[in-house]
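In what follows, a structure is listed as structure tokens, so that the remarks can point back to it.
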Amino acid sequence: AQSVTQPDIHITVSEGASLELRCNYSYGATPYLFWYVQSPGQGLQLLLKYFSGDTLVQGIKGFEAEFKRSQSSFNLRKPSVHWSDAAEYFCAVGVKLTGGGNKLTFGTGTQLKVEL
Amino acid sequence: DAGITQSPRHKVTETGTPVTLRCHQTENHRYMYWYRQDPGHGLRLIHYSYGVKDTDKGEVSDGYSVSRSKTEDFLLTLESATSSQTSVYFCAISEGGGTYEQYFGPGTRLTVT
């Protein structure tokens, strides 16, 4: 069965500093990988996704992620964090369901705090 | 933003009562999903639908049932609510599987007392 590990529960960075959020997955085949962001009291918003091709993918809000098959990782990065980036971030792996569609297996999330 | 609404947004109910949560979409997407979010667990799939009247179980389906009589509506029912079902429930939709992303609704916070 697939699984996702986000080893950092909380991360605090200063505004303007760079950010890297870690994600490791376990899945036997080529994974579909996603990063979502959740602001307090809100639903989840897709930041970016990877399914094949270029291993460095660009997303919204200046985020990017790099897929490394050898390390089973899909880390999220941003060169300069803004105060509005404070939120909870979820990594997910998607597996096709028998009826179609995807089952997303999520990590437990990383809470990002941004210090001004 | 994808046109997904959930109702109610907040509900408090007593143990043993039935509860129905509604998800409504205006995107005409084929696939709809119900997840629950609990601290330390991320989101977990309860049930999903791959078309009108076509549904299947996810990983945490015990105590829940679903129905989809129209493309735009996906209902989640707790037949007899228990305190362990206190959670935030999210509906999601997608056009397809594989590379297709899921779009999430705003969530319903359910408290079972």
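Quick look at the numbers
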{"item": "Members of the stretch B:90-113 found to be over 13 Å from the mean Cα position of the chain (by Cα), within 7 Å of chain A (Cβ to nearest Cβ) and not in a loop (DSSP other than H, G, I, E, B), listed by number", "result": "B:Ser94"}
{"item": "Leading residue by the ranking (surrounded by the fewest Cβ atoms within 10 Å (Cβ to Cβ)) among those in the stretch A:55-96 that are free of Cβ contacts under 8 Å to residues at least 12 places away in the same chain and within 14 Å of chain B (Cβ to nearest Cβ)", "result": "A:Lys96"}
{"item": "Some residue of the stretch B:26-33 being modelled with pLDDT of 95 or more, away from chain A (no Cβ under 13 Å) and under 27 Å from A:Thr108 (Cβ atoms)", "result": "no"}
{"item": "Count of the stretch A:72-116 residues which are more than 22 Å from B:Gln102 (Cβ to Cβ), among the aromatic types (Phe, Trp, Tyr) and in a strand (DSSP E or B)", "result": "0"}
{"item": "Residues of the stretch A:36-54 classified as within 12 Å of B:Gly107 (Cβ to Cβ) and facing another protein chain (nearest Cβ under 10 Å), total", "result": "5"}
{"item": "A:Leu19 being within 9 Å of the chain's Cα centre (by Cα), hydrophobic (A, V, I, L, M, F, W, C) and farther than 11 Å from A:Tyr89 by Cα", "result": "no"}
{"item": "Scan of the stretch A:25-54 for residues that are open to solvent by 60 Å² or more (accessible area, probe 1.4 Å), of a type in the set (S, T, N, Q) and touching a strand residue (DSSP E or B) at 6+ places or on another chain (Cβ under 7 Å), ordered by number", "result": "A:Gln45"}
{"item": "Residue among B:Ser80, B:Ser69 that alone is assigned to a strand (DSSP E or B) and of a type in the set (Gly, Ala, Ser)", "result": "B:Ser69"}
{"item": "Condition broken by B:Glu59, with the remaining ones in (1) loosely packed, with under 15 Cβ neighbours inside 10 Å; (2) more than 14 Å from the chain's Cα centre (by Cα) satisfied", "result": "(2)"}
{"item": "Single residue of A:Val13, A:Val114 found to be open to solvent by less than 60 Å² (accessible area, probe 1.4 Å), out of contact with any Lys or Arg (no Cβ under 9 Å at 6 or more places or on another chain) and over 26 Å from B:Val60 (Cβ atoms)", "result": "A:Val114"}
{"item": "Tabulated pairs, the stretch B:10-29, first closer than 15 Å to B:Gly51 by Cα and polar (S, T, N, Q), second at pLDDT 95 or above and open to solvent by less than 70 Å² (accessible area, probe 1.4 Å), C-beta under 6 angstrom, 6+ apart or interchain", "result": "B:Gln25/B:Ile4; B:Gln25/B:Glu72; B:Gln25/B:Ile93"}
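Here's the yes/no breakdown for (1) open to solvent by 20 Å² or more (accessible area, probe 1.4 Å); (2) within 12 Å of the chain's Cα centre (by Cα); (3) within 14 Å of chain A (Cβ to nearest Cβ); (4) not small (Gly, Ala, Ser):
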site	(1), (2), (3), (4)
B:Val12	yes, no, no, yes
B:Gln37	yes, yes, yes, yes
B:His41	yes, no, yes, yes
B:Tyr50	yes, no, yes, yes
B:Lys70	yes, no, no, yes
B:Asp73	no, yes, no, yes
B:Leu78	no, yes, no, yes
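The values are calculated or read from the model by the stated rules, or taken from the named source; none is laboratory data. Keep in mind that what you see is a predicted model, and the values were worked out from it rather than measured. For neighbour counting, all protein chains shown are included, and Cβ atoms are generated from backbone atoms with ideal geometry for every residue, glycine included. Remember, those area values only see protein heavy atoms, side chains included, never the ligands or the DNA or RNA. Shrake-Rupley method; radii C 1.70, N 1.55, O 1.52, S 1.80 Å.
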